[in-house]
Each structure stands twice: as structure tokens, then as C-alpha cells.
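This report concerns only the one structure given below.
Bear in mind these aren't lab numbers, they're just calculated from the coordinates by the rules spelled out. Remember, predicted model here, so these are calculated numbers, not experimental data. For neighbour counting, all protein chains shown are included, and Cβ atoms are generated from backbone atoms with ideal geometry for every residue, glycine included.
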Amino acid sequence: MLFSAIPQALAATINVNLPGASSSTSPGGWVENFYQFALMIAGVLAFAVVVYGGIRYMTAVGNPSGEEDAKEWIWAALTGLLLLAGAYIILNVVNPQILNLTLPTLKNVSTTSGGGIFGDNNASSTASSTATSTGACPLTALPTLTDPVAISEENGQTVLWTASDPNVQKNLTQLQAEFKKMQAKFPSAQPNSVYRAMQYQALFYAIYQDATQLRNNPSYSSNSACTSLISNLHAEENKHGVCRNDGASPSTCLVAKPNNCTDAHPRGIGIDIGGFPSNTPPSDINNTLSQAGINLQWKALSGDPVHFQLTSPPFTGCAASN
């Protein structure tokens, strides 16, 4: 080689470290070295300026303008030095790691053998697909109903005007009376769901959770462990019209987490009313109800266009848990 004959003694080593700074081989260290070098130079210059200002002050005795000028030189030097050192002190107090100028470490990327720069992509994809199709299903099985009222609702009796809780019953009685008044104004209106047992509400919420999870992760459909759960989920969706999967519109997908103190249906103040064109009430229906003295209000919930509530329920407390 052309340079092989150069004696080792003549080999030069490039040193990027500045005088007075610690040795470093990283860009962050070089920045730190530059700051240390600048601080050292600033200290020397500040000392020189202070000396210069002191000499001018001594020679300007009896000359107020000269004394003032000398003081400005001294204060300017001290202020500059304070700013330079203060920046380091403030950053160190706020977060010492800010001063640790290190570059992030890149992690090694493992590759599989095979064609292409990044290995056999087809093999990786196949492995991922296999894991998806054979792994445990992330979806939760829908709960089994044990409450007699919830079971009757599951079997199709969703328009219930009676409850075992006497306080809830007061609300249902009032709700039924207000709905009859509404039907006189809107003959096509029909109740789809009224009183709902807490256990039945929990079923609706479980459907909503699984449906949302499945829609956010379509790959679950290819997991064989999910086949039965998904089939049951779609059946319940279509049966109850909750996040239904049959392509019908609208598909209600808004269910509150079961709470006997806040849920409208378990407290006897909520009613789902259908029978309107496109299954959506007129936009001015609340004005119509208010002018007619009907204590019902359309809530116009996003994803739940059929939900109405009793506006002045006789009982506003929590329903009994069942």
C-alpha cells in the first residue's frame, strides 16, 4: 500500500478536546468541552476587564463620568460571567440529566435468515399469523345471566314497566304515564326498552366492550380461539341492536358501565323509543314535548338516537342492586 511505509512515529492522532477540558469521544462530550473552555476563557477575560475597570476607576478620581464608565466595565464583566455560570447552575437544579449530553443508544434489530435485506419477511409474517390464529382469545366471554328479570329480558321481554324496587317503581309508573301522553302526540312511537335489570345492563356493556375491542383489532377474527366467542357476540349484537354486526343502520354502540346510581334504565327513568322515520326523532321534539307539558326529554346521544329520559322523576336516588 502507498502509506504502509510511513513510520509509526509519524502517525498523527486527532484530538478534538479543548485545552483544560476533559477528554471525550462523543459529540455530547465535545459540546461539554466547548462550554468548559468558554467558561475558562470568559473567566480570564472577565478578570482582565475587572482589572481594566479598576485601573480606569483609580485614574478617574475626581472625574464622575470616568468613574461611572469604569463601574460599567466592571459590572458588565461580572454580569457576563454570572450569566454564563448561572445557566449551568439553573439547568443543574432543574434536572441534572439535561447536562448529560449523550446520544441515545440504538438497539440491535434481530433478523431472520432468508432473502432480502431484512431477512425472510414471508416467514416472519407467517409466524405472526400463526400466533394470531392459535393464541388465547383476548376477548372476554359474555356473562351468564342468573337474575330472573334479566333472563326474561334476554328472552325478549324488554318492555318492562314493573320493578321489585319500590322506589324504581315510582319512576316507572310516572315514566309510563308520560310516554302515553307522548304517544298521543306521536302515534307511531313505540317503546323498545324500558326498565332494565342491572345484570342485563352488564350484559349490554360486555357486548359493547367486546364489539369495540374487536373493531379495533380485526385480526382477532382470524384467531381460532375467538371463533365461538365472536359468533356469540354477533348473535347478541344483532339480537339487541347493540353495536350490531348485521349491517343495519343505525347500530347503537353507546352503553354506560353498569352503575345503579347513574344508569337511567335500572333507575326507571330511561326509555328507548322507536317508530320514527329513520329511527330518529324530529330535531324539535323536545320543544314539542315541553310545550305539551310532557316530562320526557330526547337526549340525542351520539350512537344512541332512541334514548329518552324522565325529566322530573319522583325518585332520584340509587336503585337496589340485584
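What FRET efficiency, computed as 1/(1 + (r/R0)^6) with R0 = 22 Å and r the Cβ-Cβ distance, is obtained for Glu72 and Val51, rounded to the nearest 0.05?
Plugging the Cβ-Cβ distance into 1/(1 + (r/R0)^6) gives 0.90.
From the C-alpha coordinates alone, can you work out the Kirkwood hydrodynamic radius of the range 163-215, in Å?
Details: mean 1/r = 0.0745 Å⁻¹.
Computed over Cα pairs of the range 163-215, the Kirkwood hydrodynamic radius comes out at 13.4 Å.
Extension gain Ser321-Gln213, at 0.36 nm per residue separation less the Cα-Cα distance, in nm?
36.1 nm
Per residue, what volume in Å³ does the convex hull of the Cα atoms of the range 148-310 enclose?
In the range 148-310, the Cα convex hull volume per residue is 113 Å³.
Which entries in the list Lys185/Lys257; Lys180/Lys257; Lys170/Lys257; Lys181/Lys257; Lys185/Lys299 go over 26 Å, if you measure between the two C-alpha atoms of each?
On the way: Lys185/Lys257 33 Å; Lys180/Lys257 29 Å; Lys170/Lys257 24 Å; Lys181/Lys257 31 Å; Lys185/Lys299 18 Å.
Check vs 26 Å cut-off fails for Lys185/Lys257; Lys180/Lys257; Lys181/Lys257.
Please give, to one decimal in nm, the separation of the simple spin-label points placed at Ile90 and Lys299, each 7 Å out from Cα toward the Cβ.
Taking the simple label geometry, Ile90 and Lys299 are separated by 5.2 nm.
Give the aspartates and glutamates whose C-alpha is closer than 14 Å to that of Lys239, dropping any in the same chain fewer than 8 places away, or say none.
Glu153, Glu154
Any idea how far apart Leu83 and Cys137 come out in nm if each label point goes 7 Å out from Cα toward Cβ?
So the label points at Leu83 and Cys137 sit 6.9 nm apart.
What is the calculated FRET efficiency for Ser188 to Ala225, with r their C-beta to C-beta distance and R₀ = 35 Å, to the nearest 0.05? Walk me through the numbers before you get to the answer.
Details: r = 45 Å, r/R0 = 1.29.
Approximately 0.20, to the nearest 0.05.
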